[in-house]
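What follows draws every value from the coordinates through simple rules; no lab data is involved. It should be emphasised that the depicted structure is a prediction, and the values quoted were computed from it without experimental measurement. Note that each Cβ is placed from the backbone with ideal geometry, even for glycine, and that neighbours are counted across all protein chains shown.
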Amino acid sequence: MNIITFGKYKGMPVTSVLRINPSYFGWCKNNVRWFKFSKRDYEIYLEWLSLQQNHLQFTGYSDDMGNIRFLFRKVEEGKFNAYSDTEYLTKETCGEYLKSTKEHYFSKRV
């Protein structure tokens, strides 16, 4: 299990932080060089960003918690099982992952 080792969520699993505060997950991904996250968590985060953008575009506001709850229901249904939760990415490696993997969850649509 991948644990946050710093900040206000120190000691919590990364997946739990993504579930309760996806914006914080994104901040860590973009600002903390040594922050690591699973490919599955990254796919969930990418889909959350896509849902946020669509929701904002059509309604004029974002629905952070509604969208992340929706996605974690999909996790419970096994929709993200194709993505590893034991292989990790960092800020430096997620760009390569995106380029090398054509099949992302957000391209399949929920």
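If you place +1 on the Cβ of every Lys and Arg, -1 on the Cβ of every Asp and Glu, and leave all else neutral, what size is the dipole of the chain about its Cα centre, to the nearest 20 Debye? Intermediate results must be reported in sequence, preceding the final value.
Details: 17 positive and 12 negative charges, 26 e Å.
It works out to roughly 120 debye.
Evaluate E = 1/(1 + (r/R0)^6) for residue 97 and residue 59, where r is the Cβ-Cβ distance and R0 equals 30 Å; express this FRET efficiency to the nearest 0.05. If you can, show how the numbers build up before the last one.
On the way: r = 31 Å, r/R0 = 1.02.
E between residue 97 and residue 59, to the nearest 0.05, is 0.45.
Whose amide H sits under 5 Å from the amide H of residue 5, counting only residues 5 or more places off or on another chain, with H placed in the peptide plane?
Under 5 Å from the amide H of residue 5: 11.
Per residue of the chain, what 222 nm ellipticity follows from adding -39500 (n - 2.57) for every DSSP H run with n ≥ 4, rounded to the nearest 500? Mind dumping the intermediate values first?
Working: 6 runs with 65 residues, N = 110.
Result for the chain: -18000 deg cm²/dmol, rounded to the nearest 500.
Give me the count of lysine pairs in the chain whose alpha carbons sit under 14 angstrom apart, restricted to pairs 8 or more positions apart or on different chains.
Taking the Cα cut-off of 14 Å, the pair count is 11.
Where nothing but the Cβ of Lys and Arg (+1) and of Asp and Glu (-1) is charged, how large is the charge dipole of segment 29-87 around its Cα centre, in debye to the nearest 20?
On the way: 9 positive and 9 negative charges, 33 e Å.
Approximately 160 debye in magnitude.
What share of all Cα pairs of the chain, in percent, falls into each consecutive 5 Å distance bin?
Percent of pairs per bin, in order: 2, 12, 23, 25, 21, 12, 4, 0.
For residue 76 and residue 5, calculate 0.36 nm times their separation in residues minus their Cα-Cα distance, and state this gained length in nm to one decimal.
Details: separation 71, 0.36 × 71 = 25.56 nm, distance 2.60 nm.
Going from the current span to full extension adds 23.0 nm.
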